[in-house]
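Notes for the one structure printed next.
The values are calculated or read from the model by the stated rules, or taken from the named source; none is laboratory data. Just so it is clear, the structure is predicted and the values come from calculations on it, not from any experiment. Note that each Cβ is placed from the backbone with ideal geometry, even for glycine, and that neighbours are counted across all protein chains shown. These accessible areas exclude ligands, DNA and RNA; they are computed on the full protein's heavy atoms, side chains included. Shrake-Rupley method; radii C 1.70, N 1.55, O 1.52, S 1.80 Å.
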Amino acid sequence: MGGRSVDRVNIGACPCFIHNLVLRVRNPNPFDALKQHEVFSEGGSSGFRVSNPDNVVTNNAVADCQGFGYWLGFPATPWGPNHFVAMRPDRLPFGTFNDNSTHSTGAEGLMLDYVEVDNAGNVAPARYISTTDELDPEFPFDTIQRFDVSRVVIWKSGRGGLWDYSTWPNYSGIVSADNVGRFFAGAGEDGVIEHSLAIGDSLNSATPRPEPFVEPLGGTEIPTAFATFQGAFDIRENLVVNFPLVADVRSGVFATDDYYLHPVEMGLTRSTANFLLDSHPGYRSRAEQEHFALAGAVFDPEGLWGPAGQFIVYDEPFFTHGLPVSSIPPGEGTGGVSVPGPFYGIMNFVINNQSPPDHPLMALQATRLDPDSLAPIGTWTVNEAVEEWFLSPYRHFAAHGSGLYLIEFARSPMPTDLSLGFENMLKPEDTLVIGIQLSGAVTPEVYVEAYDRTRPYNALGSFQALRESSGETWWQDKPNNRVWVKLRGGFWEFWDNTGEHAVPTNDELLYEKTTLHLNTD
């Protein structure tokens, strides 16, 4: 085949696409495009464009396409003549997709995202969720079901190998080689990538890689095996070959430039038993703008970067003060060092009941203080948010359990009411002393909350008494507009452990987020 994509929305019985060959697909002149998604800027003409998941797509081969190799874009409604059919392609059960191959494409080899949003064919990102009743899942979310994509071969793709934006996908037996950029990437949820092979440069690499797209976040085209889906995928028992470190640039096996959801990234707990051959575990990236933050500490359970069970942090006193520091081979250009924990995450700041509470937009400055002299050791600063930029809400910091920290909000009104979240404090022996800017003209009620369970903290009469306490305590320094709190872990508990409702997600169990309130209402 040649020309435009195999492109249709399928209604009724499950159709089959088996043993097809698609070659040399080119984008039309924009004025000649039948649908907007055929235009290069919207994705381009692809080998297969499947708009209904209930298909059998197996044993097909695609090559030399300007767009994607396989484009699985399942919209919320059919478009065109079928627009008024009462069905939800984005919630239908997944059919069969296995034993397919694709190479030499201008964009990703396999794309599961970007769906039509109108009859003109404009597209937008949208999550696919396979459900048993073909409707949006509702609490307790027991209609969601897993789906499988297996034995797909992707090589020499111009914008990464595979991109996923779905819930509960299982990817197994994938072979991805000689691509540009990230070989496995996306924004999926609780997915699995296992028993797969990623090769940065194979024996076939003498043939030039395709011309890449410009990546939207200013990233690099240097091969990286796994963007980690913000730590939300189990990446296990894969073979990863020839992903070396390129100094000071995103490279290696794990891309760490999508670790923005949590201040302490624990997701590698879910990535186990991968075999790295002639590969570096990954460059420790920094946020490319100063108005959002990446995780300050990344847990290294298997010791890929340094000693097992330690944390990969930036080589700054804010993170390393008083700790034994292990360099990461080869020692230069890695972006970080390894230190022992524990590290806890401080996040989701809300001052003066600002709205919406999950989108804090103020400037944040955390200062680590010497525990004896209270002199500053180092600072962590996040600038004011850029309005309507999707990463702006992610302003947080990682705090070491041995540290003492002061939190301030530069150029913001003096807080008279405040809440913040803290994570990774799983046990009662996990404690942390923090000072929080709060007006001395008010006296707060201090308590913690998780799943509508609350517990008050006890007021003490001095800073020294607070530090010597076992936690769940607070002291107010009214002249200096500060409240000091000794946080204590172990309070979090899933709201219903009877088994009658949905169990916590993996992320909930990893982080056990709790909210601290300084409430003056």
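Screening ALA297, ALA227, ALA255 for residues that are in contact with a strand residue (DSSP E or B) (Cβ under 9 Å, 6 or more places away or on another chain), more than 18 Å from LEU510 (Cβ to Cβ), touching a residue at least 60 places away in the same chain (Cβ under 8 Å) and surrounded by 21 or more Cβ atoms within 10 Å (Cβ to Cβ) leaves exactly one candidate, ALA255.
The residue that is farthest from PRO428 (Cα to Cα), among those in the stretch 477-498 that are assigned to a strand (DSSP E or B) and open to solvent by less than 30 Å² (accessible area, probe 1.4 Å), is ASP477.
Residues checked against (1) open to solvent by less than 50 Å² (accessible area, probe 1.4 Å); (2) of a type in the set (S, T, N, Q); (3) touching a Phe, Trp or Tyr at 6+ places or on another chain (Cβ under 7 Å); (4) farther than 26 Å from GLN145 by Cα:
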| residue | (1), (2), (3), (4) |
| --- | --- |
| ASP32 | no, no, no, yes |
| GLU38 | yes, no, no, yes |
| ARG49 | yes, no, yes, no |
| ASN55 | yes, yes, yes, no |
| ASP64 | no, no, no, yes |
| GLY73 | yes, no, yes, no |
| PRO89 | yes, no, yes, no |
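I'd like the full set of residues that are touching a residue at least 24 places away in the same chain (Cβ under 8 Å) and of a type outside the set (Lys, Arg), limited to the stretch 17-32. If you could, list the steps in order and put the result at the bottom.
Initial filter on the stretch 17-32 (touching a residue at least 24 places away in the same chain (Cβ under 8 Å)): 17-28.
Selection gives PHE17, ILE18, HIS19, ASN20, LEU21, VAL22, LEU23, VAL25, ASN27, PRO28.
All conditions but one from (1) within 25 Å of ARG236 (Cα to Cα); (2) of a type in the set (Phe, Trp, Tyr); (3) over 18 Å from the mean Cα position of the chain (by Cα) apply to TYR314; the one that does not is (1). Which residues, taken from the stretch 258-278, are surrounded by fewer than 24 Cβ atoms within 10 Å (Cβ to Cβ) and of a type in the set (Gly, Ala, Ser)? Within the stretch 258-278, SER271, ALA273 meet the criteria. From the list SER419, SER470, the lone residue that is farther than 30 Å from SER271 by Cα, open to solvent by 40 Å² or more (accessible area, probe 1.4 Å) and small (Gly, Ala, Ser) is SER470.
Scan the stretch 320-333 and tell me whether some residue there is touching a residue at least 60 places away in the same chain (Cβ under 8 Å), more than 20 Å from ASN383 (Cβ to Cβ), open to solvent by less than 50 Å² (accessible area, probe 1.4 Å) and not in a loop (DSSP other than H, G, I, E, B). Outline the logic, then answer.
Initially, the stretch 320-333 is screened for residues touching a residue at least 60 places away in the same chain (Cβ under 8 Å), giving 321-323, 330, 332-333.
Now restrict to residues that are more than 20 Å from ASN383 (Cβ to Cβ): 321-323, 330, 332-333.
Restricting the remaining residues to those that are open to solvent by less than 50 Å² (accessible area, probe 1.4 Å) gives 323, 333.
Those still in the list that are not in a loop (DSSP other than H, G, I, E, B) too: none.
For the stretch 320-333, residues touching a residue at least 60 places away in the same chain (Cβ under 8 Å), more than 20 Å from ASN383 (Cβ to Cβ), open to solvent by less than 50 Å² (accessible area, probe 1.4 Å) and not in a loop (DSSP other than H, G, I, E, B): absent.
Within the stretch 428-441, the set of residues being surrounded by fewer than 17 Cβ atoms within 10 Å (Cβ to Cβ) and closer than 11 Å to ASP477 by Cα comprises GLY440, ALA441.
The single condition among (1) under 21 Å from PHE397 (Cα atoms); (2) part of a loop (DSSP other than H, G, I, E, B); (3) without any contact (Cβ under 8 Å) to a residue 60 or more places away in the chain; (4) open to solvent by less than 40 Å² (accessible area, probe 1.4 Å) that PRO281 does not satisfy is (1). Among residues of the stretch 300-313 being farther than 16 Å from HIS280 by Cα and out of contact with any helix residue (DSSP H, G or I) (no Cβ under 7 Å at 6 or more places or on another chain), the one that is least open to solvent (accessible area, probe 1.4 Å) is PHE311.
For every residue, the table says whether it meets (1) within 35 Å of the chain's Cα centre (by Cα); (2) free of Cβ contacts under 8 Å to residues at least 12 places away in the same chain.
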| residue | (1), (2) |
| --- | --- |
| GLN437 | yes, no |
| THR443 | no, no |
| GLU449 | yes, no |
| GLU468 | no, yes |
| GLY471 | yes, no |
| LYS486 | yes, no |
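Against the list (1) crowded, with 18+ Cβ neighbours inside 10 Å; (2) within 22 Å of the chain's Cα centre (by Cα), the condition THR381 fails is (1).
Of a type in the set (A, V, I, L, M, F, W, C), part of a loop (DSSP other than H, G, I, E, B) and surrounded by fewer than 23 Cβ atoms within 10 Å (Cβ to Cβ), is that true of LEU361?
Values: of a type in the set (A, V, I, L, M, F, W, C): yes; part of a loop (DSSP other than H, G, I, E, B): yes; surrounded by fewer than 23 Cβ atoms within 10 Å (Cβ to Cβ): yes.
So LEU361 passes the test.
Which of the residues spanning the stretch 394-412 are aromatic (Phe, Trp, Tyr) and either within 20 Å of TRP475 (Cα to Cα) or free of Cβ contacts under 8 Å to residues at least 12 places away in the same chain (or both)? I'd like the intermediate steps shown before the answer.
First pass over the stretch 394-412, keeping only residues aromatic (Phe, Trp, Tyr): 394, 397, 405, 409.
Once the filter is applied, which keeps residues that are aromatic (Phe, Trp, Tyr) and either within 20 Å of TRP475 (Cα to Cα) or free of Cβ contacts under 8 Å to residues at least 12 places away in the same chain (or both), the stretch 394-412 yields TYR405, PHE409.
Being among the hydroxyl-bearing types (Ser, Thr, Tyr), out of contact with any Asp or Glu (no Cβ under 9 Å at 6 or more places or on another chain) and either within 20 Å of PHE226 (Cα to Cα) or surrounded by fewer than 24 Cβ atoms within 10 Å (Cβ to Cβ) (or both) narrows it down to one of THR143, THR131, THR105, so name that one. From the options THR143, THR131, THR105, the qualifying one is THR131. Highlighted here are the strands (runs of 3 or more DSSP E) found entirely within the stretch 373-461 that include at least 1 residues which are under 27 Å from ASP258 (Cα atoms): 376-382, 397-400, 404-408, 418-423, 431-437, 445-450. Among the residues of the stretch 219-239, the ones that are under 12 Å from GLY160 (Cα atoms), at pLDDT 85 or above, out of contact with any Gly (no Cβ under 6 Å at 6 or more places or on another chain) and not aromatic (Phe, Trp, Tyr) come to 4 in all.
Quick one: in the stretch 384-393, which of the residues that are modelled with pLDDT of 75 or more and open to solvent by 60 Å² or more (accessible area, probe 1.4 Å) is nearest to LEU364 (Cα to Cα)? Of everything passing the filter in the stretch 384-393, GLU384 is nearest to LEU364 (Cα to Cα).
All conditions but one from (1) in contact (Cβ under 8 Å) with a residue 60 or more places away in the chain; (2) on the phi < 0 side of the Ramachandran plot; (3) open to solvent by less than 70 Å² (accessible area, probe 1.4 Å) apply to ALA124; the one that does not is (1).
Take SER402 and decide whether it is open to solvent by 10 Å² or more (accessible area, probe 1.4 Å), over 15 Å from ILE377 (Cβ atoms) and among the hydroxyl-bearing types (Ser, Thr, Tyr). Walk me through it before giving the result.
Values: open to solvent by 10 Å² or more (accessible area, probe 1.4 Å): yes; over 15 Å from ILE377 (Cβ atoms): no; among the hydroxyl-bearing types (Ser, Thr, Tyr): yes.
So SER402 fails the test.
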